[in-house]
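Each value in this text was obtained by applying a stated rule to the coordinates, not by laboratory testing. A quick note: this is a predicted structure, and the numbers were derived from the prediction, not measured. Cβ coordinates were reconstructed from backbone atoms using ideal geometry, including for glycine residues, and neighbour counts include every protein chain displayed.
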Amino acid sequence: MKVSREKWEKNFSEWLDWVLREAEIYDYGRYPVKGMGVWMPYGFKIRQNVLQLIRKLLDETGHEEVLFPLLIPEDLLKKESEHIRGFEEEVYWVTKGGSQDLDVKLALRPTSETSITFMESFWVKSYKQLPKKYYQIVSVFRYETKATRPMMRLREITTFKEAHTLHETYEDAARQVDEAINIYKAFFDELGIPYMISKRPEWDKFAGAEYTIAFDTILPDSRVLQIGTVHHLGQHFTKAFDFKIQRKDGSLDYPHQTSYGISDRVIAVLIAINGDDHGPVLNPVIAPIKVVIVPIPAKDEETTAKIINYAKEVGENLKNRGITVVIDDDKEKTPGEKFYIWELKGVPLRIEIGPKELNNNTVYIKRRDTFEGKSVPKDNAVEEVNTLLEKIKNDLHEKALKFLKARIIYTEDLNEAKKILEERAGVVEVPWCGDNNCGLQLQDVTNARVLGIPLDEDKDVSNTKCVMCKKPAKSLLRLAKTY
Ligand code: ZN
C-alpha cells in the first residue's frame with residue numbers, strides 16, 4: 001500500500017510507519033513489548049553511519065567513550081531530588097533475582113547522570129585532571145505513558161548517545177555547553193537536518209539542570225520534534241554526591257557538570273524529512289547503499305549476459321573508488337519491481353544499463369530526489385556519481401532548510417498565533433516579557449508547547465509588547481505543536 005505525498009505532510013505518522021516496515025528498516029509493533037522496536041539489517045546500517053559521524057565529532061573534541069552498567073541502585077538514582085522527581089514515573093525497576101527479592105531495587109537507567117557522577121567522585125580529585133569529557137552510546141529505558149511511536153517515543157531508546165563532562169568552574173561548564181552546541185550543529189548540518197535552537201523555559205528544563213538548550217526540528221506535518229538537548233548541570237549532582245575536588249586556589253569545592261544527548265529520533269528524522277510518494281530519500285552521507293545498478297534485459301540472452309557483465313564492470317569501478325553499490329541482477333523481478341523497492345529504500349542514485357547503453361558505451365543515471373536522469377559515457381560514470389551524490393546532499397539540505405524556515409512565523413497577535421498553531425501551519429514566535437506566568441498562560445490559551453527563547457534569531461524586540469500582558473517585551477518566545 002502506497003501512502004501519497006499529501007499524506008507525507010498531513011498524515012506523516014502513517015507514512016513513516018509504512019516506510020519503516022516496507023523498506024525493512026525497523027520492525028515496530030510486532031515485538032511483544034510496547035514501545036520497543038527491532039532494527040533490521042538495512043536500518044541498522046543507517047544507524048551505524050549516523051553513529052560513526054557523532055563518534056568522530058566527539059572523539060575529535062577530546063571526548064572519551066565509556067560504558068557504564070545498565071542497572072542503577074535505587075539509592076544512587078534517588079540522590080539528586082529534582083532529578084528523581086523528573087523521572088520517578090518513568091523508571092523501570094528490577095526487583096527480583098530469580099525468585100528472590102533483591103535487597104536494593106535496581107533501576108534500568110533512564111539516563112546516567114547519577115551513576116557517572118558517583119564513579120567520577122573516585123576518579124577525579126583535582127582541577128589538574130579537568131576537563132573530563134565522557135560519552136556512551138547505550139539503551140535507556142523510560143516507561144512512557146503517552147502514546148509510543150516508532151523511533152520517536154519509545155520505552156527502550158536504543159541509541160542514546162549521552163555525553164557527561166566535568167569542570168572546575170561554572171564558566172568552564174558554560175563554555176562546554178557552547179562546544180556541545182557547536183558539535184551538534186556540525187552533526188545536524190552534515191546530516192542535512194535543519195534545526196531551531198531554543199533555551200527551554202524554566203518549567204521545562206532537564207530535571208536537575210541549571211538550564212537546558214534544545215535542538216528541535218519540524219516534521220512534514222508541521223509538528224515539532226526535539227532532536228537534541230544540552231544541559232548545564234551546575235553543582236546539582238556533585239553536591240548530592242558530596243563530590244569535591246581541589247581547585248586551583250587550593251580550596252575544595254564541588255565541580256560543575258554538563259550533559260548532552262541525542263537519540264534514535266535523529267534517524268527517524270533522517271528518514272522522515274526527505275520523502276515522497278515512493279518513500280524516503282536517504283542523504284548520501286548515511287545511505288548504506290549509494291548506488292543501485294539495474295540491468296535492463298535485452299530480447300536475447302546473449303545480449304542480456306553482456307549487459308550484466310557490463311553492469312558488473314561499472315559496479316567494480318564504483319566499488320574501487322569506495323562507493324557502496326548493489327547490482328540487482330535478480331532474474332525473478334522485472335526492472336519496474338526493482339525500481340519500486342530501491343526507491344522505497346531511498347537509495348540516492350540508480351544506474352540503468354540496457355541494450356542502448358551497451359551499444360553506446362554509456363550509463364543512464366537517475367537521481368532519487370528529483371528523478372532527473374542523464375546519459376553519461378561509461379568512463380565518466382564514477383566522476384558523475386561522485387558529483388551527483390554531493391549535489392543530492394546539498395540540495396536535500398537546502399530544501400529541508402527552506403521547508404523549516406517557511407514554517408517559522410512571527411506574530412504580535414495572540415489570535416493569529418492561536419490560529420497558526422491550531423491549523424498546524426508551523427512554529428510561532430511572539431514577543432514575551434520574560435515572566436514565566438505569561439509563558440505558562442500562553443501554553444494554556446494556545447494549547448501548544450513553549451519551546452523556549454530562540455538562540456538563533458537576532459530580531460530586535462525593543463519596541464514590542466508581550467503578547468500576553470502587553471508589558472515591554474524582553475525576548476521572543478517560540479511555541480509549537482510537538483510530538
Ligand atoms: Zn507578559
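Give me D for the range 291-394 in µm² s⁻¹, whole number, from Stokes-Einstein with Rh from the Kirkwood sum over alpha-carbon pairs, 20 °C and 1.002 mPa s.
The Stokes-Einstein estimate is 157 µm²/s.
Over the range 408-480, what relative contact order in percent results from Cα pairs under 8 Å that are six or more residues apart?
Averaging sequence separation for qualifying contacts and normalising by length gives 39 percent for the range 408-480.
Please state the relative contact order of the range 244-315 as a whole percent: Cα pairs under 8 Å, 6+ residues apart?
After rounding, I find 13 percent.
For the ranges 217-224, 73-80, 335-342, 91-98, what's the packing order if you count other beta-carbon atoms within 10 Å of each residue, average per peptide, and put the highest first?
217-224, 73-80, 335-342, 91-98
Treating the beta-carbon of each Lys and Arg as +1 and of each Asp and Glu as -1, no other charges, what is the dipole magnitude of the range 6-272 about its Cα centre, to the nearest 20 debye?
240 debye
Given the range 408-480 reduced to its alpha-carbon atoms as identical point scatterers, what log10 I(q)/I(0) does the Debye formula return at q = 0.21, 0.24, 0.25, 0.28 Å⁻¹?
-0.80, -1.07, -1.16, -1.46
Within straight cross-link reach of Lys78, meaning Cα distance under 22 Å, which lysines are found once same-chain residues fewer than 8 apart are removed?
Once the sequence-local lysines are set aside, what remains near Lys78 is Lys96, Lys105, Lys205, Lys239, Lys244.
Can you grab the distance from the C-alpha centre of the range 232-291 to the C-alpha centre of the range 397-462, Å, no decimals?
25 Å
Take every DSSP beta bridge with both residues inside the chain and express the antiparallel ones as a percent of the total, to the nearest 5.
80 percent
Can you give the charge dipole size of the chain about its Cα centre, rounded to the nearest 20 debye, using +1 on the beta carbon of Lys and Arg and -1 on the beta carbon of Asp and Glu?
Here the size comes out at about 320 debye.
Do any trypsin sites (Lys or Arg not before Pro) in the range 385-483 lie in a loop, going by DSSP, with at most 13 other beta-carbon atoms within 10 Å of their beta carbon, and if so which?
In loop regions of the range 385-483 (DSSP not H, G, I, E or B), the sparsely surrounded trypsin sites (Lys or Arg not before Pro) are Lys459, Lys470.
Just want to confirm a number: the relative contact order over the chain, from Cα pairs under 8 angstrom separated by 6+ residues, in percent.
Over the chain, the number comes to 14 percent.
Could you point to the residue in Ser259, Cys433, Asn309 farthest towards the positive end of the chain's charge dipole, with +1 and -1 charges on the Cβ of Lys/Arg and Asp/Glu respectively?
It is Cys433.
State the dimensionless ratio Rg/Rh of the chain (Rg: radius of gyration of Cα atoms; Rh: Kirkwood radius).
That ratio is 1.03, to two decimals.
Tell me which aspartates and glutamates have Cα within less than 16 Å of Lys306's Cα, excluding those fewer than 8 residues away on the same chain?
Leaving aside aspartates and glutamates fewer than 8 places away in the same chain, those within reach of Lys306 are Glu316, Asp328, Asp329, Asp330, Glu352, Glu357.
Over every pair of different alpha-carbon atoms in the range 184-235, take the mean of 1/r and invert it; report that Kirkwood radius in Å.
11.9 Å
Where does the chain land at 222 nm, in deg cm²/dmol rounded to the nearest 500, when only DSSP H runs of n ≥ 4 count, each adding -39500 (n - 2.57), divided by all residues?
After summing the helix terms and dividing by residue count, I get -11000 deg cm²/dmol.
Compute the Rg/Rh shape ratio of the range 148-215: radius of gyration over Kirkwood radius, all on alpha-carbon atoms.
Dividing the radius of gyration by the Kirkwood radius yields 0.99.
Once you've got the Cα coordinates, tell me which of Lys338/Lys378; Lys45/Lys391; Lys405/Lys481 are over 20 Å apart.
Lys338/Lys378; Lys45/Lys391
Which Rg and Dmax, in Å, describe the Cα atoms of the range 6-272?
Cα only, the range 6-272: 19.1, 65 Å (Rg, Dmax).
Search the structure for amide H atoms under 5 Å from the amide H of Val94, placed 1.01 Å from N in the peptide plane, and list their residues when 5 or more places away or on another chain.
When sequence neighbours closer than 5 places are left aside, the close amide H contacts are Leu106, Ala107, Leu108.
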